[in-house]
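Worksheet: one structure, shown below.
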There are 2 protein chains.
Amino acid sequence: MSTQNNYTTLVRHLQRCRDIAGALRLLEWDQETYLPDGAVESRASQIGALSEVLHEQHTAPHFLDLVDELAERLGELSFEQAVDVRETKWQLDRERALDAALVRERSEQRATARSVWIKARRDDNFAALAPHLEKIVAMERRVAAAIDATRDPYEVLLEAYEPGLRLDRLETVLGEVRAGLQPLVARIRAVNERAPWPASPLLGDFAEDKQLAFNRQVLTAIGFDFANGRIDASAHPFSTTIGSDSRLTTRYDRSDLGYALYSSLHEAGHGMYEQGLDPQARGLPRGSACSLGVHESQSRLWENQIGRSRAFWDYLLPVAKQAFPALAPASVDAVCLAVNRMEPSFIRTESDEATYNLHILLRFELERALIGGDLHVGDLAQAWREKMRDLLGVVPPDDRQGVLQDVHWSAGEFGYFPTYTLGNLYAAQLLETAATELGDIDAVVRAGEFSVLLCWMRDRIHRWGQTWRAAELIERATGSAASAAPLLRHLERKVEWLEQR
Amino acid sequence: MSTQNNYTTLVRHLQRCRDIAGALRLLEWDQETYLPDGAVESRASQIGALSEVLHEQHTAPHFLDLVDELAERLGELSFEQAVDVRETKWQLDRERALDAALVRERSEQRATARSVWIKARRDDNFAALAPHLEKIVAMERRVAAAIDATRDPYEVLLEAYEPGLRLDRLETVLGEVRAGLQPLVARIRAVNERAPWPASPLLGDFAEDKQLAFNRQVLTAIGFDFANGRIDASAHPFSTTIGSDSRLTTRYDRSDLGYALYSSLHEAGHGMYEQGLDPQARGLPRGSACSLGVHESQSRLWENQIGRSRAFWDYLLPVAKQAFPALAPASVDAVCLAVNRMEPSFIRTESDEATYNLHILLRFELERALIGGDLHVGDLAQAWREKMRDLLGVVPPDDRQGVLQDVHWSAGEFGYFPTYTLGNLYAAQLLETAATELGDIDAVVRAGEFSVLLCWMRDRIHRWGQTWRAAELIERATGSAASAAPLLRHLERKVEWLEQR
């Protein structure tokens, strides 16, 4: 067969995988939204069966041979075709490095640890989780060694979420974040000591159906495409893409208008990225998201960079007042203050735009030490408390609000946390560039002309898929290498504003 | 491997097929309920991919060998195990009789004819559909011959929906229906000539969310299990089972309370049958519905036998009046008259409980003649009009309201229509038996004690799955062979009541 025919066969196979993966994601989406309680067991069985089918497709010998053959003839392919082959091979090589027994053991360990974690967190019992975490750390070290024994194991694990990212680059930017945030945290603490925060206008009584309609209106305005997407309710907000439609969920808190609004803006950022991928290349690397960090940059852009800006509330507050007459007395100032409240706290997911990144730094430093063998799981809870004191100046009263708060490690996800802060960095850097190129971005936002910004993101980020790795994508989009400086400038301005109030 | 080990392997394979089929049904359910408009194409691709995966599982050589081997050692299996092997082999033998090229051609023909049918019906242009129908008739004759060339081809096709049903048995009972209904139709026509029907109390303005809550209340009352089921809205009502949960849909007509109510009762009958199958045997023949006719008996039982009875409205009208104050002036008599209106008409799906069966007889006689070679597609539209005059005494003014009204033939479904009337027969016969055994069934219904009847159906019908073929199942449940007499007695009573008003 000619190389072109082989490439066509590859595309068909990847499209088949894409379709099976789409069905799998629908099973998962439905489980979180509409599945009747009694059907949980039967759903688990369906998800298991389809995961197996997908795995068989990914490891079919004829497919592996095809990819290897194509990878040796990249010169005979177009630039775009070569991207698809390069990224497919990169992914497969990682998967092939792990034998079936290891994969099964890993997945069983994770399933066990996750259910132990639920109980351990409920009971504030880190000791119950510790032996499972030890096994998981050992397993991840084995996995890293199997993939590439010549490199730092943490870097190998990190690449599962951020392909091509070198550990020294990550340490450099996270070091900048650490250095830049330390003085800011002191200033945030001073702001909190000076005066209590006024009551938030977004707290009150907001009927769920009204919130639902309002959120749809906001998402439509920022450019989320409901002809290729949905928003539904679930216990924990998430987003997923099923073939060509992007589905978001949120949770409505009757007493807090902000909860669903900000979670919707966040998830819609993810969804709009997926909606902006090349539809012709759906299921191929060129039509797939670049990395978790880049994905997160799009969600954080709309949630934080735009969603917590004064210009956004200049636009949104009149709209919100039409939907919720109770907001009539609220000023833009008061709402902005409420959505930009900053204060060191224990829980990452409830923390503010600035201190959030310190929660990530803490996890990065601890998980690197765990994987590097410099920290033992037995000392983890104590190390957590010490780092909280160092970085945030607060110490959680128990492990529920400390080391037990996140599921990631119990799920074996080492190297995942840094992508959240990378997303924040990229978002700030992208918006700074967009502002330079598009002129007065505040005026654009205030006028509700969000499509200008969305089109810019489509052009610079979305449409490229995995054509470039994240570092190159960001550099091409912004003209300079990824850096913490734009995020720090953004947060510095916010803190200054809080101080001057 | 021992026969017992082989049986265990068979069960695992069938469970895997069940799980993949569950995912496929979720893709289809979602397409009719929540899929964004823009994702139709990508959904078709997912359904195609999963259908292929399922087909590969059904035709995997090791699976076929396993079934053949087990079928030769039925004596080494328990009674229940032997049922699973017997029915699996019966199904596989039918599938194996068709080579892959034929299956593909058949499925392409059907897809084409269905889309041509949509346009042909819209344009009232039977001539546009005719050549496609001709191909489909020829194809179905080829299919029947490939499965069993020694038998009447119509009987072979019929068995796809009603395994084990002999054509002479079907002709006997449908002959009884024809003979019994002819005089009834004359009396129905006389009722209509005597006086116009009064306005229905169920027509008015009934808000959709109120109807939704009311329908949930009614379905909960009759025993539909919402912990293992759902009801949603779709353009055309249907029911499906995804693993262990049964999902119904309905369509809410603001101006007609009856539409959603009766379609919900119908679909809930299907759903409660599925919910009553043996959960331990889910995905195996013992845990699968017996036949389409038996399935339809459960839907027609709740829709017609119960749902249009006076006792049911004695129970329901006070409930309905609480939900809809506008119903306050309505009497049980007036509502019963409205939901039992009978009148010969053109459209099967809008016809009444009695004349419905004549619509089926017409289709049965025509499709038998088409498959038997006694009627040409070119003469079908004319034959339709003549049979309408003979059976119902009315002639549709165009083919949209005649031969073009149903999709079944364009979808290649020959032998499907009779199962609707079989369902009506079985429902009447089952309820007659239940009434004998359970005492005053009207009192049970009037008191809303539906679980008494549902438990009886669970015991006599649901839990057996495919343990017995339909004829034996009905005979075991009722003590006598399936017959048209109970249905005719039921309809005779209804017409008599209409005459006496």
Label zone at A:Val319 (point 7 Å along Cα-to-Cβ), backbone N below 19 Å, the stretch A:227-247: A:227-232
FRET efficiency estimate (nearest 0.05) - Cβ-Cβ, A:His236 to B:Ser483, R0 60 angstrom: 0.60
- prompt: Other chains near B:243-254: what is the mean number of their Cβ atoms within 10 Å of each residue's Cβ?
  reply: 3
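On average, how many beta carbons from a partner chain sit within 10 Å of the beta carbon of a residue in B:11-23?
Numbers: counts 0, 0, 0, 0, 2, 6, 1, 4, 12, 7, 2, 8, 12.
Counting other chains' Cβ atoms within 10 Å and averaging over B:11-23 gives 4.
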- request: Express in nm, to one decimal, how much length is gained between B:Ser107 and B:Arg169 on full extension, taking 0.36 nm for each residue of separation and deducting their alpha carbon distance.
  value: 19.3 nm
message: For the pair B:Ala328/A:Gln31, report the inter-label distance in nm, with labels modelled 7 Å from Cα in the Cβ direction.
response: 5.1
task: Work out from phi, with θ = phi - 60° and the Karplus expression 6.51 cos²θ - 1.76 cosθ + 1.60, the ³J(HN,Hα) of each residue of the stretch B:81-87, listed in order in whole Hz, and give x for Gly and Pro.
output: 4, 5, 4, 4, 5, 4, 6
- line: Given 10 °C, 1.306 mPa s and a Kirkwood radius over Cα pairs, the Stokes-Einstein diffusion coefficient of the stretch B:56-134 in µm²/s is 102
field: Spin-label pair A:Arg96/B:Ala447, simplified geometry with 7 Å Cα→Cβ offset, distance in nm
entry: 7.2
task: List the distances, in nm to one decimal, from the label point of B:Cys455 to the label points of the same position in every other copy, shortest first, placing each label point 7 Å from Cα along the Cα-to-Cβ direction.
output: 6.9
statement: Counted neighbours (other Cβ, 10 Å), sorted fewest up, put B:Cys290, B:Cys336 in the order B:Cys336, B:Cys290
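If contacts are Cα pairs under 8 angstrom and at least 6 residues apart, what is the relative contact order of chain B in percent?
Relative contact order for chain B comes out at 20 percent.
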statement: Here the whole-number average of other chain Cβ atoms within 10 Å per Cβ of B:231-242 is 1
message: Need one number: nm distance between label points at A:Glu472 and B:Ala199, each 7 Å from Cα along Cα→Cβ, rounded to one decimal.
response: 7.4
field: Inter-copy label distances at B:Ala149 (7 Å, Cα→Cβ; nm, one decimal)
entry: 6.4
field: the stretch B:423-501 and the stretch B:26-71: distance between their alpha carbon centers, rounded to Å
entry: 36
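Kindly state, to the nearest 0.05, the FRET efficiency for B:Arg341 paired with A:Thr8, given R0 = 45 Å and r defined as their beta-carbon distance. Kindly include the intermediate steps, with their values, before the conclusion.
Values: r = 60 Å, r/R0 = 1.34.
Plugging the Cβ-Cβ distance into 1/(1 + (r/R0)^6) gives 0.15.
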- prompt: Using the count of nearby Cβ atoms within 10 Å as a rough guide to exposure, how do B:Ile231, A:Ile147 rank from fewest to most?
  reply: A:Ile147, B:Ile231
query: Using 17 Å as the cut-off for backbone N distance, which residues of the stretch B:450-483 belong to the label zone defined by a point 7 Å from the Cα of B:Ala227 along Cα→Cβ?
result: B:451, B:455
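Length gain on complete extension for the stretch A:Asp278 to A:Ser115, per 0.36 nm per residue less the alpha carbon to alpha carbon distance?
Difference between extended and current length: 54.9 nm.
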query: So what is the relative contact order of the stretch B:353-501, in percent, for Cα pairs below 8 Å that sit 6 or more residues apart?
result: 22
- request: Compute the FRET efficiency between A:Glu69 and B:Thr436 as 1/(1 + (r/R0)^6), taking r as their Cβ-Cβ distance and R0 = 45 Å, and round to the nearest 0.05.
  value: 0.05
statement: Output row for A:Arg310: copy-to-copy label distances, label 7 Å along Cα→C-beta, ascending, in nanometres, one decimal, is 7.8
query: Which order, highest average first, do A:101-114, B:161-174 follow once you tally other Cβ atoms within 10 Å for each residue and take the mean per peptide?
result: B:161-174, A:101-114
message: Under the rule of at least 5 residues apart or a separate chain, name every residue whose amide H is placed under 5 Å from the amide H of A:Gln466.
response: A:Arg286, A:Gly287, A:Ser288
statement: Expected unfolding gain across A:Ala138-A:Arg251 under the 0.36 nm per residue rule, minus the alpha-carbon gap, is 37.0 nm
statement: In degrees rounded to 10, the 0-90 angle between helix A:257-276 Cα long axis and the longest Cα principal axis of chain A is 40
query: Which whole-number percentage describes the relative contact order of the stretch A:349-428, with Cα contacts under 8 Å and a sequence gap of 6 or more?
result: 33
Under-5 Å amide H pairs with A:Asp232, H placed in peptide plane, nonlocal only: A:Leu248, A:Thr249, A:Thr250
message: Quick query: amide H of B:Asp256 versus all other amide H atoms, modeled in the peptide plane; which residues come in under 5 Å with a sequence gap of 5 or more or a different chain?
response: B:Gly204, B:Phe206
field: Rounded to whole Hz, the Karplus (6.51, -1.76, 1.60) HN-Hα couplings of the stretch B:421-430, x for glycine and proline
entry: 6, 4, x, 5, 4, 4, 4, 5, 5, 5
message: For a protection proxy built on the mean count of beta-carbon atoms within 10 angstrom, sort A:262-272, A:51-61, B:116-126 highest first, please.
response: A:262-272, B:116-126, A:51-61
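Here, each number is a calculation from the coordinates, and none is a lab measurement. Note that the structure is predicted; figures quoted are calculated from it, not measured. Please note: Cβ atoms are built from the backbone with ideal geometry, for glycine as well, and neighbour counts cover all protein chains shown.
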